[in-house]
Amino acid sequence: MFSLIYQGLVIVLLLTFSFGPAFFSLINTGIKHGYKPGSLLAIGIVSSDFFLCMLICLLVHFGAINLLHSEKAQTFSAIIGGIILIVFGAFYFKKHVTKSETAIDIEYQAPHPSLMLLKGFVLNLFNPTVWFLWLGNVTAVSKSLDYSFPKMFIFFSIVLAAVLFVELAKVSLADKIKIYLTDKLMTIVNYITGSILVIFGLVLIYNHYFSK
């Protein structure tokens, strides 16, 4: 029991404080558009985590986990994921919304709720690092739960509910600190986020294709 609690806490910390593309995109959205769009992005990210987790749980349960270790599968996912990260990153170099604009203008410019959910889901889903992170998490926990899919479903549902709570707290914090940021700093945050996403994408493609 204590082992499962410890493993759950480790997973929550790994997911919520890993400085990957989703982290920077989440903070940027909270600063730029506020709590509601940021929370929708967070829900999309955690929904993607849940989908990946359950998929890997099923693969472990049916003994088909070796599919994820295929070199071709890893290369393909890395290239697709890298391209998606680069595309998302490029959008952050657009003109940043300034504080001088009205609340109505900002709300109008905020992405559609369904698009925010989809963006969070896709951004997280096509990051190969997340796949390997969940592969390690599920492999570590499944033995403690006797490879029982119902038990793993309940365990990871609780863990991801905790992850969502922390993600929403990060968005809320980002939304609150934006009043202290100047237009120039907000634009710099936007450019930094875009640069990080593009770099992540390029590194993924290079490591899984050009370096071989």
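Annotations for the structure displayed:
- Residue ranges of helices (runs of 4 or more DSSP H) in the stretch 126-212 with at least 1 members under 20 Å from TYR6 (Cβ atoms) and among the hydrophobic types (A, V, I, L, M, F, W, C): 128-144, 149-177
- For first residues located in the stretch 146-162 and in contact (Cβ under 8 Å) with a residue 12 or more places away in the chain, partners that are of a type in the set (D, E, K, R) and lie 6+ apart or on another chain with Cβ distances below 6 Å form the pairs LEU160/ASP49.
- Some residue of the stretch 147-154 being modelled with pLDDT of 75 or more and among the basic types (Lys, Arg): yes
- Criterion: out of contact with any helix residue (DSSP H, G or I) (no Cβ under 7 Å at 6 or more places or on another chain), of a type in the set (Phe, Trp, Tyr) and closer than 15 Å to THR16 by Cα - qualifying residue of PHE156, PHE165: PHE165
- Looking across ALA42, ALA78, one residue alone is part of a helix (DSSP H, G or I), modelled with pLDDT of 70 or more, buried (at least 16 other Cβ atoms within 10 Å of the Cβ) and under 17 Å from the mean Cα position of the chain (by Cα). It is ALA42.
- Residues (outside any helix (DSSP H, G or I) and either of a type in the set (A, V, I, L, M, F, W, C) or buried (at least 21 other Cβ atoms within 10 Å of the Cβ) (or both)) located in the stretch 1-39: MET1, PHE17, PHE19
- Among the conditions (1) out of contact with any Pro (no Cβ under 6 Å at 6 or more places or on another chain); (2) at pLDDT 85 or above; (3) surrounded by 14 or more Cβ atoms within 10 Å (Cβ to Cβ); (4) of a type in the set (A, V, I, L, M, F, W, C), VAL141 misses just one, which is (2).
The values are calculated or read from the model by the stated rules, or taken from the named source; none is laboratory data. This one's a predicted model, so the numbers in the text were calculated from it and none came from an experiment. Cβ atoms come from the backbone with ideal geometry, glycine included; neighbour counts cover every protein chain shown.
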